[in-house]
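These notes concern the structure reproduced below.
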Amino acid sequence: MRIDILSLFPRMFEGPFGESIVKRAVDAGLVSIFIHNFREFAHDKHGTVDDYSFGGGEGMVLKPEPLFEAVESIRATLGDSAGPVILLTPQGRLFCHQIAQELSRQQNLILICGHYEGVDERVRQHLATDEISIGDYVITGGELAAMVVVDAVVRLLPGALGSDRAASEDSYAKGFLEYPQYTRPRVYRGWEVPEVLLSGNHQEIARWRMEQAIERTLLRRPDLLAKASLSKEDRELADKIKARKGFN
Ligand code: ADE
């Protein structure tokens, strides 16, 4: 996979992409990530990328020319495999696991990090093929949002988590929250690890974990469970837990 990111602040990406899973995936050749400063595509010697809003109003608007030309220069190197051009914006569709899966199947992605008050509407209409928001709040620019999207997508690439783990096993992939986890010591400040986890009975442990995951999801994120594609067995278990705990 190849990911190209257009940003006015390329150095912001050094930390998050220089560590952990994203770095390992890059080093392993699973993904190439290129950060482009689209100021280089400005038309004047001052590197102007923004201008006043027609009609008046507070704040500056990103000009269309540098963004169009940066994307076109990347696309020229991609040939036929050109994938989506995604604008990170609070006006986009809300990012979730399913969108991360959808994007992880692309051969390449181009992400545009907006800034200032916004981008010229023609970028939305004629350049971006998709718009994504990482949540119902406004952050300073699209960079942090692009990092979130890239992290969530890259960890889904086969092999990104190492040979013994697959992101398809994440509880979120199955539609509910993770069960509680414990490690040593068995007793910490008087708080004990649940007995069942020490029992060595794998079937019972699996059942306990499933129950905990379902109960936790019912309590914290019932919306997830409603949408989850559970097996018949898990659905029955969920219904039983709901009845036992008095959820409706
Ligand atoms: N830029 C500013 N806020 C954003 C958000 N919530 N998601 C994506 N991009 C953004």
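The values are calculated or read from the model by the stated rules, or taken from the named source; none is laboratory data. For clarity, every value in this text was computed on a predicted model and none was experimentally measured. Neighbour counts are summed over all protein chains in view; Cβ atoms, including those assigned to glycine, are modelled from backbone coordinates with ideal geometry. These accessible areas exclude ligands, DNA and RNA; they are computed on the full protein's heavy atoms, side chains included. Shrake-Rupley method; radii C 1.70, N 1.55, O 1.52, S 1.80 Å.
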Query raised in the report: In degrees between 0 and 90, to the nearest 10, how far off the longest principal axis of the chain does helix 202-220 point, with axes built from Cα atoms?
Result: 50 degrees
Report summary line: Whole-Å distance linking the alpha carbon centroid of segment 38-55 with that of segment 155-184 is 43 Å
Query raised in the report: Which angle between 0 and 90 degrees, to the nearest 10, do you get for helix 64-78 versus the longest principal axis of the chain when only C-alpha atoms count?
Result: 70 degrees
Query raised in the report: How about Lys45: which lysines have a C-alpha closer than 16 Å to its C-alpha, ignoring those fewer than 8 places off in the same chain?
Result: Lys63
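Tell me which trypsin sites (Lys or Arg not before Pro) from segment 20-53 have a DSSP coil assignment and no more than 13 other beta carbons within 10 Å of their own. Before the final figure, lay out each step's value.
On the way: sites: Lys23, Arg24, Arg39, Lys45; in loops: Lys45.
Of the trypsin sites (Lys or Arg not before Pro), the ones in loops of segment 20-53 whose Cβ has at most 13 other Cβ atoms within 10 Å are Lys45.
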Query - lysines whose Cα lies under 20 Å from that of Lys242, excluding same-chain neighbours fewer than 8 positions away - result: Lys174, Lys227, Lys232
Query raised in the report: Sorted by accessible area with a 1.4 angstrom probe, largest first, how do Phe13, Phe247 fall?
Result: Phe247, Phe13
Report summary line: Excluding residues fewer than 8 positions from Lys23 in its own chain, the aspartates and glutamates with Cα under 20 Å of it are Asp4, Glu14, Glu143, Asp151, Asp164
Query raised in the report: Per residue and in Å³, how big is the convex hull formed by the alpha-carbon atoms of segment 2-163?
Result: 119 Å³
Requested in this report: May I ask you to evaluate 6.51 cos²θ - 1.76 cosθ + 1.60, the Karplus curve with θ = phi - 60°, for each residue of segment 135-147 and list the ³J(HN,Hα) values in order in whole Hz, giving x for glycine and proline?
Outcome: x, 7, 7, 10, 9, 5, x, x, 4, 4, 5, 4, 5
Query raised in the report: Mind checking which of Gly141, Gly47, Gly159 has the largest fluctuation in a GNM of the chain, springs on alpha carbons under 10 Å?
Result: Gly47
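Just for segment 2-163, what percent of DSSP beta bridges are antiparallel, to the closest 5?
Details: 3 of 25 bridges.
Of the beta bridges lying entirely in segment 2-163, close to 10 percent run antiparallel.
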Report task. Tell me which residues come under 5 Å, amide H to amide H, from Leu111 once H is placed; ignore anything under 5 positions away on its chain. Result -> Asp4, Ile5, Leu6, Ile86
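Averaged per residue, what accessible area in Å² does segment 27-143 show with a 1.4 Å probe, protein chains only? Mind showing how you got there, number by number?
Numbers: 6450 Å² over 117 residues.
About 55 Å² of surface per residue is accessible.
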Query raised in the report: Can you list the HN-Hα couplings for segment 2-16, worked out from phi with the Karplus curve (6.51, -1.76, 1.60; θ = phi - 60°), rounded to whole Hz and with x for Gly and Pro?
Result: 10, 10, 10, 10, 9, 8, 8, 10, x, 5, 4, 7, 4, x, x
Requested in this report: In a Gaussian network model over the chain where Cα atoms closer than 10 Å are linked, find which of Val196, Val31, Val71 has the largest mean-square fluctuation.
Outcome: Val196
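Filter the trypsin sites (Lys or Arg not before Pro) in segment 46-139 to those in DSSP coil with at most 13 other Cβ atoms within 10 Å of their Cβ, and list the result. Intermediate results must be reported in sequence, preceding the final value.
On the way: sites: Arg75, Arg93, Arg105, Arg122, Arg124; in loops: Arg105.
Filter output for segment 46-139: Arg105.
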Report task. Give me the accessible area of Leu78, 1.4 Å probe, in Å² rounded to the nearest 10. Result -> 20 Å²
Query raised in the report: Where the centre of each part is set by its Cα atoms, how far does segment 189-245 sit from segment 1-32, in angstrom?
Result: 36 Å
Report summary line: Within the set Arg209, Arg235, Arg184, GNM on the chain using Cα springs under 10 Å gives the largest fluctuation to Arg184
